[in-house]
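Chemist: The structure under discussion is supplied below as structure tokens; questions concerning it will follow.
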Amino acid sequence: MGFLGAICGAISSAVSFVGSCVSSLGKAVVGMASTLIKELAPIIDTVVTIIKLVAEHFGVLKPEDDIEDLGARAMKSDKKVEDFDSVNDYIDHLRNDIELGKDELKKMNESEKLACKAVGATITSKALSEKIGVEIPADFWIEVGKHSMNYKETLGLIEAYKSNNMPIQFADYLKGNMGFTDRVKNESIIVNTYKAINPEMSIEEIEDKVMSMSSK
């Protein structure tokens, strides 16, 4: 089996592993985690790092928290997000009530580790959505990974959508999946965010950068 075949096999196994835990994780977590696995498998570590930094910024995760560890605990628990008043309470349950041995993660194969990272990232993303009051969809994180976006860009966009009380439609904007009015609103948010992050860049340069993202 070649490298590509090995990657595809790992992705398929990870999706199956997550799916086998649907009764404990819930359909919403399994669905998003499976999407992240399929779309981000080769670069999931990079995206997980950014999600962790954003989660720390908003106080959703502590510096000592580990997203892969969180996912592994979730897959061991017999309770799911819906059993708690908030996602934050669910995360506290995973931290405090679910034991994970020192070597449990080390003994997992790559597919199982991939599954744990995707589940942990999903739970963290849902906790972030709850915290800021704006849904952060899976396709946002996919675009973050696809375009090698850094922490400042990612956080800047999330905060901009939050302050404008708008749903995060970044992926739909890049794909052209919206009407004129929504496109103008999203373009303003995105361009202004990049201008704030890169004050030395002209509006034209920023628009060119965003256009290049749209064409990929």
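Chemist: Could you tell me the accessible area of Lys113 in Å² (1.4 Å probe, neighbours in place), rounded to the nearest ten?
Modeler: That residue has around 50 Å² of solvent-accessible surface.
Chemist: Can you work out the Karplus-derived ³J(HN,Hα) for every residue in the stretch 44-61? Use 6.51 cos²θ - 1.76 cosθ + 1.60 with θ = phi - 60°, whole Hz, and x for glycine or proline.
Modeler: 5, 4, 5, 5, 4, 4, 5, 4, 4, 5, 5, 5, 5, 4, 8, x, 7, 10
Chemist: A further question follows. Spin-label point model (7 Å from Cα, Cβ direction): what's the Asn164 to Asp208 distance in nm?
Modeler: The two pseudo-label positions are separated by 2.3 nm.
Chemist: Now, a different point. Check cross-link reach from Lys175 to the lysines: straight Cα distance under 18 Å, and skip same-chain residues fewer than eight apart.
Modeler: The qualifying lysines are Lys146, Lys185, Lys209, Lys216.
Chemist: Something else about it: Among Asn177, Val191, Ser202, which residue has its Cα positioned farthest towards the positive end of the charge dipole of the stretch 155-216, with +1 placed on the Cβ of Lys and Arg, -1 on the Cβ of Asp and Glu, and the dipole taken about the Cα centre?
Modeler: Checked the options; the winner is Asn177.
Chemist: For every other residue with a beta carbon closer than 10 angstrom to the beta carbon of Ala196, add +1 if it is Lys or Arg and -1 if Asp or Glu, then tell me the sum.
Modeler: +1
Chemist: Give a residue-ordered list of calculated ³J(HN,Hα) values for the stretch 196-206 (Karplus: 6.51 cos²θ - 1.76 cosθ + 1.60, θ = phi - 60°; whole Hz; x for Gly, Pro).
Modeler: Values, residue by residue: 5, 6, 10, x, 6, 7, 7, 4, 4, 5, 5 Hz.
Chemist: Ok, one more. What is the Cα convex hull volume of the stretch 99-165 when expressed per residue in Å³?
Modeler: 113 Å³
Chemist: A further question follows. What shape does the stretch 1-153 take by its C-alpha gyration tensor, where a ≥ b ≥ c are the square roots of the eigenvalues and a/c under 1.5 counts as rounded, a/b above b/c as prolate, and the rest as oblate?
Modeler: It is oblate, given that a/c is not under 1.5 and a/b is not larger than b/c.
Chemist: Using only the Cα atoms of the stretch 100-216, build the gyration tensor, take square roots of its eigenvalues as a ≥ b ≥ c, and label the shape rounded, prolate or oblate: rounded if a/c is under 1.5, else prolate if a/b is larger than b/c, else oblate.
Modeler: prolate
Chemist: On to the next question. Please check the chain for the longest run free of GluC sites (Glu not before Pro) that are loop-located per DSSP (anything but H, G, I, E, B) and have at most 12 other Cβ atoms within 10 Å.
Modeler: With GluC sites (Glu not before Pro) excluded where exposed in loops, the chain gives 100-199 as its longest stretch.
Chemist: Compare Thr35, Thr181, Thr154 in a GNM of the chain, Cα atoms joined below 10 Å, and give the one with the largest fluctuation.
Modeler: Thr181
Chemist: Okay, next question. So what is the relative contact order of the stretch 1-126, in percent, for Cα pairs below 8 Å that sit 6 or more residues apart?
Modeler: For the stretch 1-126, the relative contact order is 40 percent.
The values are calculated or read from the model by the stated rules, or taken from the named source; none is laboratory data. If you're wondering where the values come from, they're calculated on a predicted model, not measured in any experiment. Virtual Cβ from ideal backbone geometry, glycine too; neighbours counted across all protein chains shown. Note: accessible area is taken over every heavy atom of the protein model, side chains too, but ligands, DNA and RNA are not part of it. Shrake-Rupley method; radii C 1.70, N 1.55, O 1.52, S 1.80 Å.
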